[in-house]
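Encoded as structure tokens, the structure appears first; notes follow it.
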Amino acid sequence: MNLSEEIFKLKKEKNCVILSHFYQTADIQNIADFVGDSLQLSQIAANTTADIILFCGVNFMAETAKILSPNKKVLLPEPKAGCSLADSCNAEDLKIFLKNYPNHTVVSYVNTSVGVKALTDICCTSSNAVKIIESLPKNEKIVFLPDRNLGSYIKSITKRNDIVIWDGACHVHEEFSVEKIIELKQKYPAAKVLAHPECKKTVLILADKIGSTAALLEFSKKDECKQFIVATESGILHQMQISSPQKTFIPAPPIDSTCGCNDCKFMKMITLEKVYNTLKNETPEIIIDSDLIEKAKKSILRMLEISQ
């Protein structure tokens, strides 16, 4: 059985849209209707006319799709596909934390659980984080969570000293090796370094371009450079290579690696077989209490309004 062909048949029969994050494997990206970063996929989820949304990503992404399309059936092929960054901040701990910061506006990276979003004033992604912060009055006190690296980067760009940053991190972006990137630069002296703002400051200092996954992809298309060292999850290299087949893309390695690239173990849990079975059986389905959806929805809609 050709799984890709069967998936195409099923999604047509069931009026299903398949969304894939850039960090999925190439075969998953190839069967998706839309491939994008968190902001792009959130916007698609909010506007789709499909009856079923099948999300090839991780839990918080599928939850976001359900929040934005509560009347749609949202499916996630692997319910164990979590997120180390989202796991670094849970709702109960956040409630306690926020008691120390009354009258602060809570800005949460979209990489958070629905419970955390319900405690959030406004969400952001790496694509729009700076824009979101700059949309707030200069004298507004802010709590930013959960990514300390992205928070520090935003703070440096916006020159806002009144931002309290939660101490969380993504296991992928936290683990890039500065020494190995420098070695790659010596090996490929003409290469430009592309880095996601979730990386540590020591990595960002080496970057020629800092941006969201979508922004790095766009830069790689337009820039005249022919070689790029890419410091973000390796799944994006597939789209970069499709867009610029004449260019060379080199994954920045983590500190401890035998394969030379840095993968998200959760993103890579989804397979074509799991997508097929999920679409065929319409399970596992994302179920969220309607009251919780309403509380969480406000922060996401505010983000989407600013991002238009």
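The values are calculated or read from the model by the stated rules, or taken from the named source; none is laboratory data. Treat the numbers as computed from the prediction; the structure is a model and nothing was measured. So basically every Cβ, Gly included, is an ideal-geometry build from the backbone, and we count neighbours across all protein chains shown.
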Inset, instruction - Inspect all residues belonging to region 19-36 and state whether any of them is surrounded by fewer than 20 Cβ atoms within 10 Å (Cβ to Cβ), of a type in the set (Ser, Thr, Tyr) and within 19 Å of the chain's Cα centre (by Cα). - result: yes
Legend entry - Hits in region 165-196 (condition: farther than 15 Å from residue 229 by Cα and of a type outside the set (A, V, I, L, M, F, W, C)): 167, 168, 171, 174, 175
Legend entry - Test: residue 185 is touching a residue at least 40 places away in the same chain (Cβ under 8 Å), more than 30 Å from residue 256 (Cα to Cα) and charged (D, E, K, R): no
Legend entry - Residues (farther than 21 Å from residue 119 by Cα, touching an Asp or Glu at 6+ places or on another chain (Cβ under 9 Å) and either in the same structural domain as residue 226 (by TED's automatic domain parsing) or surrounded by fewer than 16 Cβ atoms within 10 Å (Cβ to Cβ) (or both)) located in region 139-156: 139
Legend entry - Qualifying residue in region 153-176 (condition: hydrophobic (A, V, I, L, M, F, W, C) and free of Cβ contacts under 8 Å to residues at least 12 places away in the same chain): no
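Considering region 91-134 alone, what residues qualify as being assigned to a loop (DSSP other than H, G, I, E, B), touching a strand residue (DSSP E or B) at 6+ places or on another chain (Cβ under 9 Å) and modelled with pLDDT of 95 or more?
So the first thing to find is which residues in region 91-134 are assigned to a loop (DSSP other than H, G, I, E, B), and the list is 99-104, 110-113, 118-121, 125-128.
From the residues that got through so far, the ones that are touching a strand residue (DSSP E or B) at 6+ places or on another chain (Cβ under 9 Å) too are 100-101, 104, 110-112, 119-121, 125-126.
Answer for region 91-134, where residues must be assigned to a loop (DSSP other than H, G, I, E, B), touching a strand residue (DSSP E or B) at 6+ places or on another chain (Cβ under 9 Å) and modelled with pLDDT of 95 or more: 100, 101, 104, 112, 119, 120, 121.
Being farther than 15 Å from residue 278 by Cα and touching a Lys or Arg at 6+ places or on another chain (Cβ under 8 Å) is true for just one of 39, 68, 85. Which residue is that?
Details: 39 fails: touching a Lys or Arg at 6+ places or on another chain (Cβ under 8 Å); 85 fails: touching a Lys or Arg at 6+ places or on another chain (Cβ under 8 Å).
Step by step, each of 39, 68, 85 is checked, and only 68 is farther than 15 Å from residue 278 by Cα and touching a Lys or Arg at 6+ places or on another chain (Cβ under 8 Å).
Only residues that are within 19 Å of residue 250 (Cβ to Cβ) and either out of contact with any Ser or Thr (no Cβ under 8 Å at 6 or more places or on another chain) or crowded, with 22+ Cβ neighbours inside 10 Å (or both): list them for region 210-221, please.
Matches in region 210-221: 210, 213, 216, 217, 218, 219, 220.
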Inset, instruction - Assess whether residue 77 counts as being buried (at least 23 other Cβ atoms within 10 Å of the Cβ) and outside any helix (DSSP H, G or I). - result: yes
Legend entry - Selection within region 1-52 - polar (S, T, N, Q), assigned to a loop (DSSP other than H, G, I, E, B) and on the phi < 0 side of the Ramachandran plot: 2, 24, 25, 48, 49
Inset, instruction - Answer yes or no as to whether residue 224 is over 21 Å from residue 22 (Cα atoms) and surrounded by 15 or more Cβ atoms within 10 Å (Cβ to Cβ). - result: no
